[in-house]
Amino acid sequence: MCSRKTPWEWNHAISVLRSFPSEFSGMGNKVFPVLKFSYDNLPCERDRNCFLLCSLFLEDYNIRKDELINLWLGEGLLDGYCRNMHDAFNLGEFIVGTLKLACLLESDESEEFVRMHDMIRDMALWVANTSGREGNKILVQHVGLNSEADSCEKWNEAERISVWGHHNSIESFTGKPLCPNLLTLLVKDIMLKTFSNEFFQSMHALKVLDLSGNRDLAELPKSIGKLLNLEYLNLSETAIMELPSELKELRKLKFLLLDYTKKLKEISTEGISSLSCLQVFNVWCDATEAAEEKSRKGWLTHGFLQSKTLNLDFSKKQQKKKERKKKNSKPTGCCDATPRESREARSTGGAALVGGDCSGDGSVGEMRD
């Protein structure tokens, strides 16, 4: 590149490195095979598959361990290894530790986050897309950096896609992309507002859909009901006002995450009661009073899951614990319930309603067997 002088040439090189690093001179035949040694020496195929999914996150991205483990669970990578959800999260933590020991993931200042080195991430994409551009099994698009990020032209052959933005936006996804092989779709933090009604109509294999962080997304298209194999749906930090009636068609859904959905008015008991496979139902409320009020109004009712009961537990012990944490920490403007507490609350094998309060008055309620 030393002979390249114009900004256009360098911008092209940056685009190639971000999108197809294996095509850059020396990467595919010299650098990546050396890095792949650690990947090849992971204990089992399960751990290797978990590692490859880490490449769906952006370079230099602080990955929440909970978010990563949820992704593995949603894809079914931990199925058959655990008796219940508590064991599954423990196994997820163990796999994270394995990847860190292999130097494939890096520790962050906070124990709740991990990172993946840029070069390791590029190697993971190279492994996943073994035939380079034609493979296209994992596709990562960044709004504002890739001109193709606002189109779905490259989605047809992909098995896993993530679309990211940072203070950039795509107001609408239109059309009906044909994605027969798509298993996982992450569309995060791009300020998305709408989908076309038929958008999900040809994604029959989709198991994981994460739309979290799109704070202008107020409704889901009717075609969401066509995702009959969907097991994981994350609508956290969106402007969703109500869950569509088509949700009742998602009979295989195991995870429904609605953290910080401040505009959500109600949850239809008719729709939720159809989700017989639901194992994790997570809602972080803004305040304890709001959770109690919504419960009284029937926002959540005792019988909305036939095999589950709702118990809002506002214990003094938990209250004192949160007050101690508040005294010992600087105000950050975020909920003071830790991810680990959230995990413990929702890993009882049943669905969990987790209520948090930024002022320290929140509590945890569980829907359990």
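Rounded, prolate or oblate, given the Cα gyration tensor of region 134-280, with a/c below 1.5 counting as rounded? If you can, show how the numbers build up before the last one.
Working: a/c = 1.92, a/b = 1.31, b/c = 1.47.
Verdict is oblate for region 134-280.
Fewest first, what order do Trp8, Trp126 take by the number of other Cβ atoms within 10 Å?
Ordered from fewest to most neighbouring Cβ atoms within 10 Å, Trp8, Trp126 come out as Trp8, Trp126.
Can you give me the distance in nm between label points at Ser274 and His86, each placed 7 Å from the Cα along the Cα-to-Cβ direction?
3.3
Please find the FRET efficiency linking Glu106 to Asn41, where r is the Cβ-Cβ separation and R0 is fixed at 25 Å, and quote it to the nearest 0.05.
My answer for the efficiency is 0.90.
Amide H neighbours of His142 under 5 Å, at least 5 residues apart or on other chains, H built in the peptide plane: list them.
Those qualifying (amide H under 5 Å, at least 5 residues apart or on another chain) are Trp164.
At what distance in nm do the modelled label points of Thr130 and Glu157 sit from each other, each positioned 7 Å from its Cα along Cα→Cβ?
In this crude label model, Thr130 to Glu157 measures out at 1.5 nm.
Once you've got the Cα coordinates, tell me which of Lys154/Lys248; Lys176/Lys265; Lys188/Lys254; Lys100/Lys226 are over 27 Å apart. Please report the intermediate quantities before stating the final value.
Numbers: Lys154/Lys248 31 Å; Lys176/Lys265 29 Å; Lys188/Lys254 20 Å; Lys100/Lys226 38 Å.
The pairs that break the limit, which is 27 Å between Cα atoms, are Lys154/Lys248; Lys176/Lys265; Lys100/Lys226.
Each value in this text was obtained by applying a stated rule to the coordinates, not by laboratory testing. In this text the structure is predicted, and so the values were computed from the model without any measurement. Note: ideal-geometry Cβ built from the backbone for every residue, glycine included; neighbour counts use all protein chains shown.
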